[in-house]
Amino acid sequence: MVATPPLTSTIATSHKEPHLRELGINVNHWYAVARADEVTADKPRGVTLWQQKIVLFRDRNHQVQALEDRCPHRQVQLSHGEVVNGEVECVYHGWRFDATGACTHVPYLGEAQKLPTCTLRRYPVREQDGFIWVFPGDEARLAAEKIEPLALPEWDHLNYIATVSLIDVESHYSFLIENLMDMYHGRLHDDLQAWADPVLNTIEESDHRVDVHYHAQSYYRIDKIWSVSQLFFPALRKLHPEDLYVSYVYPNWVSTLGQDFKICCLFCPISPTHTRAYLIHFTSLQAFHRLHKLPVAFRRFVKNRLFGAAQKMLDGLVVQDVLMLEQEQRSFLADPSLKGPELNRALGTVQRLIRNQATADN
Ligand code: FES
Ligand SMILES: [Fe+2]
């Protein structure tokens, strides 16, 4: 068996500027750290966002709260504990903490003893469009600039069928966003791909996003009630021209293929060599003009029943991409000086945005 190099870096930082593959993140954005239904009423959930361990839990009002995931008593993770009356209870000695991060209860507190004053860092947190979003940056800026999480209006819209796949990849986040912005890698996806023959048309760039337009061919057309069966039977797919837009809306990715498909990728970078992200595929039913005449309860039922209709395709795409991204990361760690020629003009623009955001005045 051939041993593969480890995925941890021991690179000497001889560069004046950090290497692209070692850049940090801009913390002044909202990051999707969990799905909303992963945070239940009785169990705290531990997540990691750029090397910060965070515990999520629901308070008495069912509102999600986010604290640093560290019991101030003996520094163990609070996420191993329980949620009791809307407060998080450490599994070790049972100290409890409320949503402000203050200690509210110690089971063996003596009569002459006071509750310890130990406050935990509290993170701004939102539940929006099916996900839990955390803001790890400067709260004064958050308020002053009214920074918002990426909106996913399709999540609750009755005319969109959603599928979610988790990407958990041992690589720097830059490899993943470059993969998503580079539509010339359809070769990898073989019979799973939704598009063919991409030709890059335009690139638009600003300080917080890159928008790339490709001309392409789509395999799918959603105009019949049985169109969803194209997901399962490749023979039903017919190539036809469609516009393919991919956007890096820092730190996330949004793509549309014609009117029928939208895919988003919500990034949760864990460390310089580990990235998690939620890939969300929406199939539009907007082409069915009479859909709005059906009872809402029925439409909700159909939407819920079809949730995950594209699961096999989406999971398959993720497996293929992850294999490539982890090889890129390993190759980088083995020899950071290796750099191949890049023929897709969009990627230089994407790399510039990564660097500008990562080195912006955080
Ligand atoms: S370590 Fe958490 S209560 Fe003691
Ligand atoms: Fe891909």
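The values are calculated or read from the model by the stated rules, or taken from the named source; none is laboratory data. Keep in mind that what you see is a predicted model, and the values were worked out from it rather than measured. Virtual Cβ from ideal backbone geometry, glycine too; neighbours counted across all protein chains shown.
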**Message:** Of everything in the stretch 53-87, what is of a type in the set (A, V, I, L, M) and more than 10 Å from ligand 1 (Cβ to nearest atom)? Give them in sequence order.
**Reply:** ILE54, VAL55, LEU56, VAL64, ALA66, LEU67, VAL83, VAL84
**Fill in**
Within the stretch 38-57, the count of residues that are at pLDDT 95 or above and either within 13 Å of GLY137 (Cα to Cα) or of a type in the set (Asp, Glu) (or both) comes to 4
**Fill in**
Out of (1) at pLDDT 95 or above; (2) exposed (fewer than 13 other Cβ atoms within 10 Å of the Cβ); (3) out of contact with any Phe, Trp or Tyr (no Cβ under 9 Å at 6 or more places or on another chain), the one PHE232 does not meet is (1)
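I need the helices (runs of 4 or more DSSP H) fully contained in the stretch 102-191, keeping only those with at least 1 residues that are without any contact (Cβ under 8 Å) to a residue 60 or more places away in the chain and of a type in the set (A, V, I, L, M). If you could, list the steps in order and put the result at the bottom.
Values: elements: 139-145, 173-181, 186-189.
Because the criterion is at least 1 residues that are without any contact (Cβ under 8 Å) to a residue 60 or more places away in the chain and of a type in the set (A, V, I, L, M), the helices (runs of 4 or more DSSP H) in the stretch 102-191 that meet it are 139-145.
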**Item:** Complete set of residues in the stretch 85-126 that are farther than 9 Å from LEU67 by Cβ, surrounded by 13 or more Cβ atoms within 10 Å (Cβ to Cβ) and basic (Lys, Arg)
**Value:** ARG96, ARG126
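Looking at LEU325, LEU285, can you tell me which residue is surrounded by 15 or more Cβ atoms within 10 Å (Cβ to Cβ), at pLDDT below 95 and either within 16 Å of ligand 1 (Cβ to nearest atom) or aliphatic (A, V, I, L, M) (or both)? Let's see the steps before the verdict.
Values: LEU325 fails: at pLDDT below 95.
Unique residue meeting the criteria: LEU285.
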**Request:** Look at LYS303 and say whether it is among the charged types (D, E, K, R) and outside any helix (DSSP H, G or I).
**Result:** no
